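Here is the structure we will look at.
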Amino acid sequence: MSLKRSKDVPQLVEKYRAKYPQLDRDLLRRLIRLETPDLFLKEKNKNYGNNLKKLDRYLRKAFASELSRQPLLKKSSDDSLEKALLKLAKKQNKTTMEEVASEVGIPPSSIELSVYRLVQKYGWTTSKTVLGETEIDFKKPFDINTLKFGPVHNPWRPQ
């Protein structure tokens, strides 16, 4: 006896990909979740977690075939991407893919492969946030010199 699997999520992905071909993966995911709350809200469906995983999996497959057809970024945009990542690494400990994309001016879905290559090259790590965004950790060591020891001065309390 085989288990009957729901075909709702793959059909939704195909339908919305055909309807909105210009949208990137993140926007398409949000649109599908907003327009079909009966599948993706915890209150309305007890299998919402599995549906979200399926949605991510099918969107990844749909956009992976598109990425393989696209030529890789040109060398100049790869260089500007590397410069932007190194600039962000000096300023902060962590950043998101969207911040990097806004620095460079290229959509996040277009620079994803190049960013992952650069992350691997410099030994940084990536993780997913609660909202599903890709976060890059630059692994900066803790600097003890930034700490101040001694009495704490409260400006509202007279001495």
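Can you tell me which residue in the stretch 111-131 is nearest to the chain's Cα centre (by Cα), limited to those that are part of a loop (DSSP other than H, G, I, E, B) and not aliphatic (A, V, I, L, M)? Restricting to residues being part of a loop (DSSP other than H, G, I, E, B) and not aliphatic (A, V, I, L, M), the top hit is Thr129.
Here is a yes/no grid of residues against (1) in a loop (DSSP other than H, G, I, E, B); (2) surrounded by 15 or more Cβ atoms within 10 Å (Cβ to Cβ); (3) touching a residue at least 24 places away in the same chain (Cβ under 8 Å); (4) among the hydrophobic types (A, V, I, L, M, F, W, C):
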{"position": "Leu27", "(1), (2), (3), (4)": "no, no, no, yes"}
{"position": "Lys44", "(1), (2), (3), (4)": "yes, no, no, no"}
{"position": "Leu52", "(1), (2), (3), (4)": "no, yes, no, yes"}
{"position": "Asp56", "(1), (2), (3), (4)": "no, yes, yes, no"}
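Only residues that are surrounded by 11 or more Cβ atoms within 10 Å (Cβ to Cβ) and within 16 Å of Leu131 (Cβ to Cβ) were counted in the stretch 30-40, giving 5.
A single entry from Glu14, Glu98, Glu43 fulfils the requirement of being at pLDDT below 85 and out of contact with any Ser or Thr (no Cβ under 8 Å at 6 or more places or on another chain): Glu43.
The values are calculated or read from the model by the stated rules, or taken from the named source; none is laboratory data. The shown structure was predicted, so the numbers you read here are calculated from the model rather than taken from an experiment. Neighbour counts are summed over all protein chains in view; Cβ atoms, including those assigned to glycine, are modelled from backbone coordinates with ideal geometry.
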